Amino acid sequence: MNPYETDRLLAEYLLFHYGSPEEILPSNAPTGMREAVGFPVRTVAHFTLGNVERGLDLGCAVGRSSYEMARSCGEVTGIDFSRSFVRAAEAIATGPLPYFRKDEGHLHTNLIATLPPDLADGVVHFEAGDAMDLRADLGAFDRVHAANLLCRLPEPRRLLERLASLVKPGGELVLATPCTWLDEYTPPENWPAGGTLEWIESHLAANFDLIRTAEEPFLIRETARKFQWTTSQISLWRRHS
Ligand SMILES: C[S@@+](CC[C@H](N)C(=O)[O-])C[C@H]1O[C@@H](n2cnc3c(N)ncnc32)[C@H](O)[C@@H]1O
């Protein structure tokens, strides 16, 4: 079964995207853990400031980055392969969404995911789709965001090759990847032969300039005492005019 369709990952991602620091962190959390909260907001902040027309969030999961993009995009489309994630991303716009945070064994805490009150609703549309085989009539976007998606795709090259037609001339692309290549998601023959950034650049350089790179840490809480702390490599690209 696709892990991203399970109730366990749905709850982990609702907490990851919408949980408060108090809901996510243990009381003794060191600074590094605290700094890793808020990843779906921080990745969107890598776009250049200013308002644009159309945004696309690929592998949007439960939607927080899509809603964040709507602060400066007239309309946003969020696409994810998981129907369960897409349903949750849509539901949260209509009201508070209850979920369980796993603490240990059979112990859970009831939590409620809500959109921050200043986030625009009505301009974000979600749909289930495959980032390697996007529908032909999606059109082109001023901003495309794909966080922690590339190394979850069986054939990531297919997405990289589609990006030039998805980003308008002068538009921006934010890719974030922890480069955690795993054969349960991507056959090793489809992993980059060398460094992931150089491999991305080899696919994008004909149509994009690399503006800058950065690292953004993120924290996914599995239980009260078990967390995934990971750092994702951010690259901001601008489509040739
Ligand atoms: C590691 S999560 C990252 C989610 C989100 N962008 C974030 O940063 O929290 C990977 C996401 O990609 C989605 N995904 C996996 N394969 C996909 C595909 N072929 N097309 C679109 N989304 C896919 C998963 O369902 C999951 O929501």
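Numerical summary
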| read-out | value |
| --- | --- |
| Relative contact order [Cα under 8 Å, 6+ residues apart], the range 1-129, whole percent | 25 |
| 1.4 Å probe accessible area per residue over the chain, in Å² | 47 |
| Rg(Cα)/(2.2 N^0.38 Å) for the chain, N = residue count | 0.98 |
| Heavy-atom accessible surface of the range 111-241: percent carbon and sulfur, 1.4 Å | 50 |
| GNM flexibility winner over the chain from 118, 130, 103 (Cα, springs under 10 Å) | 118 |
| Among 79-89, 133-143, the order from most to least packed when residues are scored by Cβ within 10 Å on average | 79-89, 133-143 |
| Note, ³J(HN,Hα) from phi for the range 166-181, Karplus 6.51, -1.76, 1.60, rounded to Hz, x at Gly and Pro | 8, 9, 5, x, x, x, 10, 10, 10, 10, 10, 8, x, 6, 8, 6 |
| Sequence ranges 7-13, 56-62, 146-152, 104-110, ranked by mean other-Cβ count within 10 angstrom, highest first | 56-62, 146-152, 7-13, 104-110 |
| The range 106-116 - phi-based ³J(HN,Hα) in whole Hz, Karplus 6.51/-1.76/1.60, Gly and Pro as x | 8, 8, 9, 10, 6, 10, 10, 8, 9, 6, x |
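The values are calculated or read from the model by the stated rules, or taken from the named source; none is laboratory data. Every value quoted in this text rests on a predicted model; they were computed, and no experiment measured them. When we count neighbours, we look across all protein chains shown, and the Cβ atoms used for this are built from the backbone with ideal geometry, even at glycine. Just so you know, the surface numbers come from the protein's heavy atoms only, side chains and all, with ligands and any DNA or RNA stripped out. Shrake-Rupley method; radii C 1.70, N 1.55, O 1.52, S 1.80 Å.
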